[in-house]
Amino acid sequence: MPKENPTLYSVPKTTMWFAIVSLILLGSLIWTVYADYAREWKTWQRQFVRLKLEKARAELAQAEQGVDVKKLEELNRRHAEAQKSLAARRAEIRRLQKDLAKRDLELGKVRTRAQDLKQYEDSYKYYFEEYRLHRDPRAAEYEAKLGEVRAEAEKVKRELEGLEAAREIEARQADEYQAGEKELAIQIEELVKAKKTAAAKVKKLNPSLVTELLNAPMLDFIAPTLRIQQVVLEDLRDDYHFIQVQKVDRCTTCHLGIDQKGFEDAPQPFRTHPKPELFLSPSSPHPIEKVGCTVCHSGSGHAVSFTEAAHTPRNEEQMKEWQKKYRWRPMEKWDAKMLPLDHTEASCAKCHRNVVEVPQAERLNRGRRMAETYGCFGCHKIEGFENRWKVGPSLFNVQSKVKADWLTRWLADPKSFRASTRMPQIFHLSNASAPEEKKINDAAIEGIAAYLMKNSDAAELAEPPVPGDAGRGRKLVEETGCLGCHTVDGKGTSRFGPELSGLGSKTSAAWVFTWVKDPKHFSPDTRMPNLRLTDQEASDIAAYLVSLKNEAFEKTPPVRPEPAAVDWLVLENFKKTMRASEAEAELAKMSPEAKLQFVGKSSIAHQGCYACHDIKGFEEAKPIGTELSDHGRKDIHQLDFGLIHIEHTRHGWFFQKLKEPRIFDRGKVKAYYEKLRMPDFNFTDEEAGALVTFLLSLTREEIPLEMQRLLNLKEQAVESGRLLVSKFNCQGCHTLDGKTAEVRGFIEEAGNAPPVIDGEGAKVQQKWLHEFLRQPVTIRPWLTYRMPTFGFSDDHAKELVEYFSYLAGEDVSYRGLELPDVSLEKLGDGKMLFEKFQCVKCHKLDKASAMLGASFLAPDLVLSKARLQPDWVIEWLKDPQVLQEGTMMPTFFPDGSTPLPDVLGGDPQQQIEAIRDYLFRYAPDEDAPAETPPPAPVTPKS
Amino acid sequence: MKTMLALGVAFALIFTAGLPAADAATLAGKVAFEGTAPVAEKMAMDADPTCQMLHPDGAVADDVIVNSNGTLKNVFVYVKEGVTGTFPAPTDAVQFDQHGCQYTPKVFGIQVNQPLEIINSDNTLHNVHALPQNSKEFNLGMPIQGMKLKKTFTSPEVMVKIKCEVHPWMSAYAGVLEHPFYGVTNEEGAFEIKNLPPGNYVVETWHEKYGAQTQNVTIAGADEAKELAFSYKG
Amino acid sequence: MIEAVKQAINSFSSPVTIFSASLAMFALFVLFPRQITSPWCTVPILLLVLAFFAVGLTDEHFVKIVTAPDNVPIVAMIFIAGYFTWYAMRKACLNDARLERGEPTFEKTETDEKVLVFPYLIYIEFVVALVYAIGLVLWSILLKAPLEEPANPTVAPNPSKAPWYFLGLQEMLVYFDPWIAGVLFPTLIIIGLCAIPYIDRDPQPAGFYCYKQRRPMVIVFLFGYWILWILLILVGTFLRGPNWNFFGPFEVWDVHKVVPLVNVNLSDFIFIKGLGWGLPKQWFLREAPGILLCLLYFMVPTTVAAKTWLKKLVEKLGPVRYSVLMILLLSMLALPIKMYLRWAFNLKYIVAIPEFFFNI
């Protein structure tokens, strides 16, 4: 039998616990709501509002200061007076207004009557016309009605007009009384307008109870002031690996000032974006509604917290700071982490495809140029950069150029011969630094030298037929144009071609002579052009160049490998395909000579030398480098960090690799043939950084065509022209396409430098330009620098002609010249002007006038008919300095005046046209030579 | 301290400005030449028969002209530092003539925005190619005898080279300054800078071949006549 | 000093040692439950466990693993499962003591006292439910569900771990063929659990905690529950790292760690190492020793025990139930036996028939 009212435990106590627990539960639920609503981005937005409020307050203070207090007082006083006088007239004004009201009532009535009458008129007209058409007898009736109504309407209209006129007069009167006061009120308003708007702004921004309520939990679905800002981009997609998802960039939730002016000094994240005329503003080429943020900066656009947006710290220091401040951690699984700010330009290449240089992307362009110059494309396949030229000299004839002894020392350390060489260090690097490995490297070097000596063709070297003078040769090198691409003995700045110092320690005078007379003789693909040197000139140059020696290099001990090392290398190679015992048997059969050859061939195959140099036996060999076409998106887990402790980021790995390519072998045990092979280019931090930007730009990310910067046919032609210009270094000598000529840095007198060829497309005729590029002739006899013969194919010449023409905004047609008709009189005036201006003093016209002599031989004007475009000649004669800065041609029409006011009415335009027309119709004498040979350059006496 | 000095100078200027006659501190001097005068090269003018006719005895290079009294001609002397106040450009032009296929004067001074009147007195084509770094470059053709053209320099520069492309032996130098305190040594090797207000100045001399030299000078009061001596070694 | 302790624990840790130590502790628990469940023993043990965690929480790596939102419940499981096992055993021992003294059990005494459902059941339940709710709410605020970035098919997580309730089976995969560990054993587990009421129909020791009368069943159950289930889950959660390598509690999880695995099949042992004949071509011949061994393993102990010390049991259960019991029991024991064979002899498979994808 159960006890009566038994207690298991004390209920009041339990009730107390119940109360406590309930309160705790309530607290925890409130905490839940808070945790949900207290978002990081709201804090930032509130901070931004405070920032804006500060600015608004500052504006208000400024506006208040700007208000002219005295004037305001004055106006207020006058306004008060005006109001007083109005008050005095109050009764009258009231009467006027009553009258006006009555008038309006009358007007209303009359107007209504007029409108009604119109209705009747229209109706009667319809019936009348219908009846008339159908010959209905009622037509006459309606005609009469119509007439009546019309008359009535006319009367009413008169009445209406009268009433309106009267009303106008009365209204004007009323207004007059009030006009004075109204005007003053407007003036006062003007004065305080700025202040009022500023005050209104401050009021709006000031946090108040209303804004707090609107942002409160549960109520913030109505009209919150703190809300997520996003840009939805129809055309751009995020790669979620199994699906492409439309990009939604929510960066502006925290980066609130980024597309607004006025926040250039604000702290991050509110700072205005740099270069707003280029980015984000509606009139820029990258407006934020179309482009968003993440397509350039990467990162996770749909996230709204600092960490989840995949911000990348600039360096270790900043990372620690972020870890402390924001509890930052890297977003491991989000591939497209934000690019470090240094490398933002890498994203430009996603849309700006197929261009040689992306406009305004300095660092990316630098990286690209470096990749081209250092021959990265030779070893590493990169889509879009295939079929580039080999950056190293051809080794098809190397046995005639250098000795094996030189080759081995060069291979062991190229920089010991030439510090500025682009040839990287291949052997004796950090992963081959143990003593045995050194010996093996030496064996490989010796082998390569032996192979190259045996497997290259002996070239026919021509000995200089006349003795050369090194002094003259030096002058020639400095003045003929070699410095456009080369540096020699401290002169010149161009790093396009190899530095020519120390040539005497490398090769023979015969080689230099033969080469310089015709580079394509040895190497049909070389980029070095032919300077059309005479035998004497070539001999002088050869004599000079071989006089430059590198004593230190000559003293370095030769490379002598041990036979054991050679054997070891042969065996290692054999063991790849044979058993050890078989390998040894094979080895025993080989002579030392054969072993060396074998080691050489296998080393070349192993190191991939043929990526930069033409080598016999390796014409079809495949490059050894990794494909880099998608390296901008390379999976971080597929990059081997080895045992090196650096940040696990793509850019970190690339940078480290470029600075020291073999570093990831450190601490590892690896077989010889498994070791890393990339050579060391000795990049500075800056260079490596630019190259990293370039590498990060290589992605296969698909951007829809509508968003890409597509090139029309003309722009494509310009880009292929640009590629040729880059390949042959036109900008070494000529200022062209936005780049100043390299040589203008060290040629003092602008007139002595090769011409500026910006605008060449509008200057010369296309057929002439095409032929000139294929076979240059001397145009400017005083220039010591001569335009070399590049040996352009017809296709290349055409590409260049198109390039120049499109750059100048011309169409390409290769048509001949069509000269407009001109009167004989004008021609006669032209001839007279031509003689009066004494053009012949400088411009040799033909052999006869050469007798008149000029110390400077300006371009022969006989060329103009075939060479120049008539319109250009006009611009040139107006002011040559505009088209060619620093030119020696003076202007004869300064500031639109002319020294001959009696000819052709003193009109400079007419005079210039007359000269031009004369020039283009001038027929040379029969006995004048067809082509003027280039005269020896005359050095001017200062 | 500096303000006191400035005030003092200002005071001085105010007083001296009202007394033009009293404000006639003159800086004069000679530029001597030590050593043997270099032999002047002969210049061949046969390229242009007109020029050759004007110099039947042949012409010599004029970059170094040593006067008979052992002084150097065509040395540009000017006040380099210490000038205060603004000096509006004079409206009368500096005359620059091409005569006998040579420039006259060869070395001259001109103020910023002061007009330079260029005359061609010869019956042949000359061109005047000025190569300033700080102002706009110009290259004017002057084919007609007697024609005149006006140009100005907009920024100070010491020295601006002027040359002729048709006759490469012709060269002249212009010293463009913001103030009128300059002079050029004449056949006596003497120069004179007038109306210099009191103050501390740095005076520099410039020669085409022998370079520049400086000296400090202090003008204590108005009406002072200071003598400066410079010397170049050959 | 702490470092030295950690190092010691790391070097002590290996699958063998952990398993053997656990077996030893288990044996102590079931042999001397009265002593071990008394407060004198329990409290120090609890303090020792807490000390271990305290020491561990100073190590950042340990912290990362133990406080991962997925692993926190497993840590809690140690304490919760431990508590309930202790409670049951303690009550059982106390009941046994009572029964020895001739007193009624706890349940019996409690049954005589009846109280009203409301408030005594509902009220306290309600308050506890509220406490539970608080716990869940706070947990959800403090330990957020790991909603990670979108999956990347080229990046497989390493280690790739099953949910906790399958970690025991994943651990078994180290020692057994997937067919056995993933299909056969789980089936047997389920069947076995279902079969318990049909095998053990003894009504006597039912309805109250007791140990002495139910010793074999309790031991078998606790063995299966703690050693073969919870221990393996704990090993799988905390001690298995990348590539399913074993890592001590304070060892850094190095992805590149390589441990040689040189396990050999029984048929290789017998035919190559032992007899030196070379493997027979026919799979039946080749695996005959192994198959024989397995058959013997199931038949011999069953029959021998039936004749000797389990005679009474056979009588009680009848041959069918007895056989079923023995099969299930022996299957259960096969797991630790195989594990020890692996550790001692590097034995890979007792029966290896790759032609049918069937290995034991």
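Taken together, the residues in segment B:216-234 that are in a loop (DSSP other than H, G, I, E, B) and under 20 Å from B:Val107 (Cα atoms) amount to 1.
Look at (1) more than 30 Å from A:Pro269 (Cβ to Cβ); (2) at pLDDT 90 or above; (3) within 7 Å of another protein chain (Cβ to nearest Cβ) and you find that A:Pro2 fails only one, number (2). As an exercise: evaluate B:Asn123 against (1) within 14 Å of another protein chain (Cβ to nearest Cβ); (2) modelled with pLDDT of 90 or more; (3) more than 23 Å from A:Thr887 (Cα to Cα) and give the number of the one condition it does not meet. Among (1) within 14 Å of another protein chain (Cβ to nearest Cβ); (2) modelled with pLDDT of 90 or more; (3) more than 23 Å from A:Thr887 (Cα to Cα), B:Asn123 violates only (2). For segment A:579-592, the criterion of being over 35 Å from the mean Cα position of the chain (by Cα) and in contact (Cβ under 8 Å) with a residue 24 or more places away in the chain is satisfied by at least one residue.
If a residue has to be surrounded by fewer than 16 Cβ atoms within 10 Å (Cβ to Cβ) and touching an Asp or Glu at 6+ places or on another chain (Cβ under 8 Å) to count, how many in segment A:702-713 make the cut? Explain how you work it out, then say what you get.
We begin by selecting, within segment A:702-713, every residue surrounded by fewer than 16 Cβ atoms within 10 Å (Cβ to Cβ); these are A:702, A:704-706, A:708, A:710-713.
Of the ones still in play, those that are also touching an Asp or Glu at 6+ places or on another chain (Cβ under 8 Å) are A:704, A:706, A:711.
Looking only at that region, the number is 3.
Out of segment A:669-691, which residues are in a loop (DSSP other than H, G, I, E, B) and under 19 Å from A:Glu572 (Cα atoms)?
In the first step, residues of segment A:669-691 are kept if they are in a loop (DSSP other than H, G, I, E, B); the result is A:669-671, A:675-679, A:681-684.
Those that are in a loop (DSSP other than H, G, I, E, B) and under 19 Å from A:Glu572 (Cα atoms): A:Val669, A:Lys670, A:Ala671, A:Lys675, A:Leu676, A:Arg677.
The residues listed here are A:Leu571, A:Leu545; of these, the one that is among the aliphatic types (A, V, I, L, M), over 30 Å from A:Thr480 (Cα atoms), touching a Leu at 6+ places or on another chain (Cβ under 7 Å) and assigned to a helix (DSSP H, G or I) is A:Leu571.
Condition first: in a loop (DSSP other than H, G, I, E, B) and in contact with a Ser or Thr (Cβ under 8 Å, 6 or more places away or on another chain). Can you find one or more residues in segment A:439-455 that meet it?
no
Among the residues of segment A:601-621, count how many are in contact with a Leu (Cβ under 7 Å, 6 or more places away or on another chain) and not aliphatic (A, V, I, L, M).
Narrowing segment A:601-621 to residues in contact with a Leu (Cβ under 7 Å, 6 or more places away or on another chain): A:613-615.
Next, from what is left, pick out any that are not aliphatic (A, V, I, L, M): A:613-614.
Total satisfying the criteria: 2.
Yes or no, residue by residue, for (1) over 19 Å from C:Leu333 (Cβ atoms); (2) assigned to a loop (DSSP other than H, G, I, E, B); (3) not assigned by TED's automatic domain parsing to the domain that holds C:Leu335:
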position	(1), (2), (3)
C:Trp277	yes, yes, no
C:Leu285	yes, no, no
C:Tyr297	no, no, no
C:Thr302	no, no, no
C:Ala305	no, no, no
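Is it the case, given these coordinates, that A:Phe221 is of a type outside the set (S, T, N, Q) and away from chain C (no Cβ under 14 Å)? Break it down stepwise before answering.
On the way: of a type outside the set (S, T, N, Q): yes; away from chain C (no Cβ under 14 Å): yes.
Yes.
Looking only at segment B:41-79, residues that are buried (at least 19 other Cβ atoms within 10 Å of the Cβ) and among the basic types (Lys, Arg) come to 1 in all.
The condition of being closer than 18 Å to A:Cys376 by Cα and either of a type in the set (Lys, Arg) or modelled with pLDDT of 90 or more (or both) holds for only one of A:Thr735, A:Thr693, that being A:Thr693.
Yes or no, residue by residue, for (1) free of Cβ contacts under 8 Å to residues at least 24 places away in the same chain; (2) farther than 22 Å from A:Glu234 by Cα; (3) β-branched (Val, Ile, Thr):
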position	(1), (2), (3)
A:Arg250	no, no, no
A:Gln268	yes, yes, no
A:Ser283	yes, no, no
A:Ile288	no, no, yes
A:His302	no, no, no
A:Thr312	no, yes, yes
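For segment B:157-215, no strands (runs of 3 or more DSSP E) sit wholly inside it while including 3 or more residues that are among the aliphatic types (A, V, I, L, M), out of contact with any Leu (no Cβ under 9 Å at 6 or more places or on another chain) and away from every other protein chain (no Cβ under 14 Å).
Among the listed residues C:Leu222, C:Leu188, identify the single one that is at pLDDT 90 or above, surrounded by 11 or more Cβ atoms within 10 Å (Cβ to Cβ) and either within 21 Å of C:Asp177 (Cα to Cα) or small (Gly, Ala, Ser) (or both).
Numbers: C:Leu222 fails: either within 21 Å of C:Asp177 (Cα to Cα) or small (Gly, Ala, Ser) (or both).
After ruling out the rest, the residue left standing is C:Leu188.
Look at (1) surrounded by fewer than 17 Cβ atoms within 10 Å (Cβ to Cβ); (2) not in a helix (DSSP H, G or I) and you find that A:Glu582 fails only one, number (2). Taken as a whole, the condition of being surrounded by 15 or more Cβ atoms within 10 Å (Cβ to Cβ), within 14 Å of chain A (Cβ to nearest Cβ) and in a strand (DSSP E or B) applies to B:Ile118.
Of the set (1) at pLDDT 90 or above; (2) within 14 Å of chain B (Cβ to nearest Cβ), all apply to A:Gln775 but (2).
Listed residues A:Lys657, A:Lys622, A:Lys675; which is farther than 21 Å from A:Glu386 by Cβ and free of Cβ contacts under 8 Å to residues at least 40 places away in the same chain?
Numbers: A:Lys622 fails: farther than 21 Å from A:Glu386 by Cβ; A:Lys675 fails: free of Cβ contacts under 8 Å to residues at least 40 places away in the same chain.
None of the others qualify; the one that does is A:Lys657.
Of the residues A:Asp238, A:Asp249, which is within 14 Å of chain C (Cβ to nearest Cβ) and either modelled with pLDDT of 95 or more or buried (at least 21 other Cβ atoms within 10 Å of the Cβ) (or both)? Testing whether each residue is within 14 Å of chain C (Cβ to nearest Cβ) and either modelled with pLDDT of 95 or more or buried (at least 21 other Cβ atoms within 10 Å of the Cβ) (or both) leaves just A:Asp238.
For segment A:336-437, give me every one of the helices (runs of 4 or more DSSP H) that falls completely inside it and has 2 or more residues that are farther than 30 Å from A:Asp635 by Cα.
Qualifying helices (runs of 4 or more DSSP H): A:398-401, A:404-412, A:414-417.
Does A:His352 qualify as being crowded, with 20+ Cβ neighbours inside 10 Å, in contact (Cβ under 8 Å) with a residue 60 or more places away in the chain and within 30 Å of A:Arg709 (Cα to Cα)? Can you show your working first?
Working: crowded, with 20+ Cβ neighbours inside 10 Å: no; in contact (Cβ under 8 Å) with a residue 60 or more places away in the chain: yes; within 30 Å of A:Arg709 (Cα to Cα): yes.
No: the conditions fail for A:His352.
In a residue-by-residue description of segment A:751-770, the property of being surrounded by fewer than 16 Cβ atoms within 10 Å (Cβ to Cβ), touching a residue at least 24 places away in the same chain (Cβ under 8 Å) and not in a helix (DSSP H, G or I) applies to no position. Among the helices (runs of 4 or more DSSP H) confined to segment A:1-109, the ones with at least 3 residues that are touching a residue at least 12 places away in the same chain (Cβ under 8 Å) and either among the acidic types (Asp, Glu) or touching a Gly at 6+ places or on another chain (Cβ under 7 Å) (or both) are located at A:40-66. Answer yes or no: is there a residue in segment C:344-351 that is crowded, with 16+ Cβ neighbours inside 10 Å, basic (Lys, Arg) and closer than 21 Å to C:Ile189 by Cβ. No: zero hits. Go through the residues of segment C:129-142 one by one and say whether even a single one is surrounded by fewer than 16 Cβ atoms within 10 Å (Cβ to Cβ) and of a type in the set (Ser, Thr, Tyr). Yes, there is a match, as at least one residue in segment C:129-142 is surrounded by fewer than 16 Cβ atoms within 10 Å (Cβ to Cβ) and of a type in the set (Ser, Thr, Tyr). How many residues are in a loop (DSSP other than H, G, I, E, B) and over 24 Å from A:Trp389 (Cα atoms) if we restrict to segment A:464-500? Selection size over segment A:464-500: 9.
Anything in segment A:865-913 that is within 20 Å of A:Leu783 (Cα to Cα) and not in a helix (DSSP H, G or I)? List them, or say none. Passing the criteria: A:Leu868, A:Gln884, A:Glu885, A:Gly886, A:Thr887, A:Met888, A:Met889, A:Pro890.
The values are calculated or read from the model by the stated rules, or taken from the named source; none is laboratory data. What you see is a predicted model; the values in this text were computed from it and never measured. Glycine gets a Cβ as well: all are built from the backbone with ideal geometry, and neighbour counts include every protein chain shown.
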